[in-house]
1. Pick out, from the stretch 4-112, the strands (runs of 3 or more DSSP E) lying fully within it that include 3 or more residues that are closer than 21 Å to Val159 by Cα and more than 14 Å from ligand 2 (Cβ to nearest atom).
2. Is one or more of the residues making up the stretch 193-203 in contact with a Leu (Cβ under 6 Å, 6 or more places away or on another chain) and under 30 Å from Asp152 (Cα atoms)?
3. Applying the selection to the stretch 157-176, what residues are surrounded by fewer than 20 Cβ atoms within 10 Å (Cβ to Cβ) and either assigned to a loop (DSSP other than H, G, I, E, B) or in contact with a Ser or Thr (Cβ under 6 Å, 6 or more places away or on another chain) (or both)?
4. Answer yes if at least one residue in the stretch 235-243 is assigned to a helix (DSSP H, G or I), touching a strand residue (DSSP E or B) at 6+ places or on another chain (Cβ under 8 Å), more than 15 Å from ligand 1 (Cβ to nearest atom) and within 21 Å of Ala147 (Cβ to Cβ), and no otherwise.
5. Cβ-Cβ below 7 Å, separation at least six or inter-chain, first residue in the stretch 58-71 and within 16 Å of Glu84 (Cβ to Cβ), second among the β-branched types (Val, Ile, Thr) and near ligand 2 (Cβ under 8 Å from one of its atoms): which pairs?
6. Can you name the residue in the stretch 202-223 that is within 16 Å of the chain's Cα centre (by Cα) and among the polar types (S, T, N, Q) and, of all such residues, is farthest from His298 (Cα to Cα)?
7. Cβ-Cβ distance below 9 Å, separation of 6 or more or different chains: which pairs start in the stretch 113-140 with a residue that is of a type in the set (Ser, Thr, Tyr) and end on one that is at pLDDT 85 or above and part of a helix (DSSP H, G or I)?
Amino acid sequence: MKIVPISLPTPFYIGPVNVYLIPEDPVTLIDTGPKTKEALDTLRAALRNEGLSVADIRRIVLTHAHEDHCGLARALRDEAKDAEVLVHGWETGHRAGRLEYDETRQLLVRAGVPPDEVEVMRKMYEGVRQYADSLDDGQCSELTDEAEIEFDSGALQVVHTPGHTPGSCSFIRHADRTLIAGDCVLKRITPNPILSPDPIDRSRRFRSLEEYLVSLARVRALAPTLVLGGHGDAVHDYEELFHRYLRAIRDRQSQIIRLVPTNGASAWEVSRAMFPDTDDVHRFLGVSEAVAHLDYAHSEGKLALEINDGREVYRKVS
Ligand SMILES: [Zn+2]
Ligand SMILES: [Zn+2]
């Protein structure tokens, strides 16, 4: 079973996205790239190289529903005459657009983001949204943990690896322990846990960093020999990367705890202290990262949390 990596251009800061083609029955594409003419043209050329066209695609499997990964899913599904689209059930909230949801707006307000900044983030997201068509529930099937995705000459097994988003999934070929990991494992950067409502109780926040640490350990237990990520080069030494991630997370934890002043601070205030120079586009990612780390420090008993006027304030434990 051949796995063909295809790099597609994106208009985003992160640069190109990797999608993966399995050019055998049933022809399957893992992730699609954003909805741009450049990405679609590049994808068509890559399919042609394998003697295929979009019409041959029978299955579209999504690692997660961010625009750079899922943007073309709807258009490809339509052109390939109802190819099956598979995505984890916990990813539903992301399919139609993060910041449209009142829940996310409420999470931002609770994290101390001022109303005018919430509005800036909403507008920014409107700009990003144009790079993906949303899929209705009836147009997707659910990926479930440990399910087998079968091919003529092999199979991939679904590994639910929440953290970057609640429904992020990876796919392992056990024969040679190759793992397709989406944005769960990236060679050069520590993936950002994105602020999301909890898929079980949408009035709460998803505990992204705790979940992510469990996912990283779970991937480690699979002892992958090759990890194919959503951006950048493949990872040949996951063990080394795993320890590098843990060190980066530990360093960030200490930094964040230091940044909480004696009289307390909101996640927004901590994110501004941590990334003072970020522009509008990256403030959402900054507050996401701050919340993830503050929640984790709180759950470890290193910070106290209280609600003040509808805003959450973290304090040092005395
Ligand atoms: Zn992503
Ligand atoms: Zn990505």
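The values are calculated or read from the model by the stated rules, or taken from the named source; none is laboratory data. Since the model is a prediction, treat every value here as computed from it, not as a measurement. For neighbour counting, all protein chains shown are included, and Cβ atoms are generated from backbone atoms with ideal geometry for every residue, glycine included.
1. Working: elements: 4-8, 17-22, 28-30, 59-61, 84-88.
The qualifying strands (runs of 3 or more DSSP E) are 59-61, 84-88.
2. no
3. Matches in the stretch 157-176: His174, Ala175, Asp176.
4. Here is the first cut: in the stretch 235-243, the residues assigned to a helix (DSSP H, G or I) are 238-243.
Filter again for touching a strand residue (DSSP E or B) at 6+ places or on another chain (Cβ under 8 Å), leaving 238, 241.
From what's left, more than 15 Å from ligand 1 (Cβ to nearest atom): 238, 241.
Narrowing the set further to residues that are within 21 Å of Ala147 (Cβ to Cβ) leaves none.
No: the stretch 235-243 contains no residue that is assigned to a helix (DSSP H, G or I), touching a strand residue (DSSP E or B) at 6+ places or on another chain (Cβ under 8 Å), more than 15 Å from ligand 1 (Cβ to nearest atom) and within 21 Å of Ala147 (Cβ to Cβ).
5. Close Cβ pairs (under 7 Å, with a partner that is among the β-branched types (Val, Ile, Thr) and near ligand 2 (Cβ under 8 Å from one of its atoms)) do not exist here.
6. Within the stretch 202-223, the subset within 16 Å of the chain's Cα centre (by Cα) is 205-216, 219.
Imposing the further condition that a residue be among the polar types (S, T, N, Q) reduces the set to 208, 215.
Details: Ser208: 13, Ser215: 20 Å.
Checking each candidate, the answer is Ser215.
7. What qualifies is Tyr125/Phe284; Tyr131/Ala39; Tyr131/Glu67; Tyr131/Asp68; Ser134/Arg74.
For every residue, the table says whether it meets (1) at pLDDT below 95; (2) within 24 Å of the chain's Cα centre (by Cα); (3) farther than 23 Å from Asp145 by Cα; (4) β-branched (Val, Ile, Thr).
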residue: Glu50; (1), (2), (3), (4): no, no, yes, no
residue: Asp56; (1), (2), (3), (4): no, no, yes, no
residue: Val61; (1), (2), (3), (4): no, yes, no, yes
residue: His66; (1), (2), (3), (4): yes, yes, no, no
residue: His69; (1), (2), (3), (4): no, yes, no, no
residue: Leu76; (1), (2), (3), (4): no, yes, yes, no
residue: Asp82; (1), (2), (3), (4): yes, no, yes, no
residue: Trp90; (1), (2), (3), (4): yes, yes, no, no
